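This report concerns only the one structure given below.
The values are calculated or read from the model by the stated rules, or taken from the named source; none is laboratory data. The model shown is predicted, which means the values in this text are computed figures rather than measured ones. Cβ placement follows ideal geometry from the backbone for every residue including glycine, while neighbour counts extend to all protein chains displayed. All accessible areas refer to the heavy atoms of the entire protein, side chains included, with ligands and DNA or RNA removed. Shrake-Rupley method; radii C 1.70, N 1.55, O 1.52, S 1.80 Å.
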Amino acid sequence: MMTCERQSCCTRRHCLLFTLAIAAVFFIHYMNILEMGSDWNPKLWMQNHSPKLFIPFGELSPNETMEESTSSSLEYPETERQPSTRGTTTPQATTVLQTARATPVPYVSPGPYIVEYPYEYRFTINEPHKCEQEQPFVILIVQVAPNNRPHRDIIRSTWGAESLVVGKVVKLVFLVGQKTGEEAEQLQKELQQESNEHHDLIQSDFIDCYKNLTIKSMVMLEWVNTHCSSASYAMKIDSDMFLNVPNLINMLLKAPKTNYMTGLVAYGGPVLRDPSSKWYLPVEVFSQAVYPPYALGLGYVLSVDLPKKLIEASRHVKALYIEDVYLGLCMQHLGIPPTNPPSGNHFHVVPLSYNRCTFFHIVATTLHPNEDRMWLWKDFKKNDPYC
Ligand SMILES: *[C@@H]1O[C@H](CO)[C@@H](O)[C@H](O)[C@H]1NC(C)=O
């Protein structure tokens, strides 16, 4: 009995211990699963690791890490300078490359969203002394297509003719690139003739097309920096604009003299992801959802210290083809935000219909393509009260 009792006692104790041990094993196992967290979740694990898994090894250069190659940051590493990748290289660059490797580097297109900049573009028509005799308060640079002589002529006989305004000197140049194709040679002759006649043309040797406007704006900054740094301000303006020059001068007389960029400033501009959009950018080229503040390309003003700083910044920021956004990115790199104009009524991107009183108060507006701009100017300048 005793034995039996003892035996049953022992069995019961063993059962209890056994159960506790099993419970402990399950408990520890359960805790381990919880601690494994996201790595143990197959779906999350794939999300975290798949981009790295799908890079073909051939695309990685030996000293490039996986992290660098998958990030789509716009800024170049500080040590890395963007080399010119066009087929032709400058004599200096060629020497450097030849010492580095025996065979010439094959031409690599930067793709459709990045333009060929920095690069040593040359001026094929120039006005190097434009800002020497009288130092302008403002240099106006009109970006226009090489074959758009009609727009240049209208500007020459309207707001472009205003050369002394409220006692301040205003100078004007037109900036064009080059055309390719059959009419190129004839057009070049006409441009040379137009330049001899008006002495207000600047031409550089990049191909002038919509996708190259960033090159155009950077070449413009180079020209201001090299040939017109005696000015106080530079203004980029499109050829389809109306400009109220006295209002521009009056605005600038009260403006900061350095680190100043103004115009119609866009805040939180969304990056367009629809491939059919005119300003499409894929995530791989620009990963953020919004752009930093930037002044719209229709017309913006810079204090003349900025061109040099922006050219320097452009060596560290990938040259996106959207020119105004690109300058915004360079401004962000410099840590200088664009400044709003003193009035929200100063710059207009949606064409304002002509009204003498309205136009008296603005600085710049886009015009309807069918607006008679010669008549408009005559009416605007007539000797009557404005409002
Ligand atoms: C932009 O200009 C560069 C330099 O002239 C040229 O190589 C490139 O083909 C041009 N881009 C387009 C889209 O024409």
Practice task
For V271, list long-range residues whose amide hydrogen, built 1.01 Å from N in the peptide plane, is under 5 Å from its own amide hydrogen.
Solution key: V290, Y291
Completion exercise
Against the 2.2 N^0.38 Å rule of thumb, the C-alpha Rg of the stretch 123-341 sits at a ratio of 1.01
Practice task
Take the solvent-accessible surface of the protein heavy atoms, probe 1.4 Å, and return the percent of it on the stretch 123-341 that carbon and sulfur atoms account for.
Solution key: 52
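With a Förster radius of 51 Å, plug the Cβ-Cβ distance of M374 and S287 into 1/(1 + (r/R0)^6) and report the FRET value to the nearest 0.05.
Calculated value: 0.60.
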Handout entry: Charge dipole (debye, nearest 20) of the stretch 123-341; +1 at Cβ of Lys and Arg, -1 at Cβ of Asp and Glu
Key = 720
Problem - Distant-in-sequence amide H partners of Y300 (H built 1.01 Å from N, under 5 Å) - result: K236
Completion exercise
Diffing the stretch 348-359: the Karplus 3J(HN,Hα) column from phi (6.51, -1.76, 1.60, θ = phi - 60°), in whole Hz with x for Gly and Pro, holds 10, 8, 7, x, 7, 6, 5, 8, 4, 5, 4, 5
Handout entry: Gain on full stretching of the segment that runs from S230 to Y267 - 0.36 nm per residue minus C-alpha separation
Key = 10.2 nm
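GluC sites (Glu not before Pro) within the stretch 111-161: which are DSSP loop residues with at most 16 other Cβ atoms inside 10 Å?
Working: sites: E116, E120, E132, E134; in loops: E116, E120, E132, E134.
Sites meeting the loop and neighbour criteria: E120, E132, E134.
Quick one: length gained pulling T103 to T258 fully straight, 0.36 nm per residue minus the C-alpha distance? Before the final figure, lay out the partial values.
Numbers: separation 155, 0.36 × 155 = 55.80 nm, distance 4.60 nm.
Taking T103 through T258 to full extension adds about 51.2 nm, to one decimal.
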Practice task
Set the Förster radius R0 to 35 Å, insert the Cβ-Cβ distance between S353 and D153 as r into 1/(1 + (r/R0)^6), and round the FRET efficiency to 0.05.
Solution key: 0.90
Exercise for the section: Please list the non-local residues whose amide H lies under 5 Å from the amide H of Q178, H modeled 1.01 Å from N, same-chain partners needing a gap of 5 or more. Expected result: F206, I207, D208
Completion exercise
Whole-Å distance linking the alpha carbon centroid of the stretch 231-282 with that of the stretch 133-153 is 16
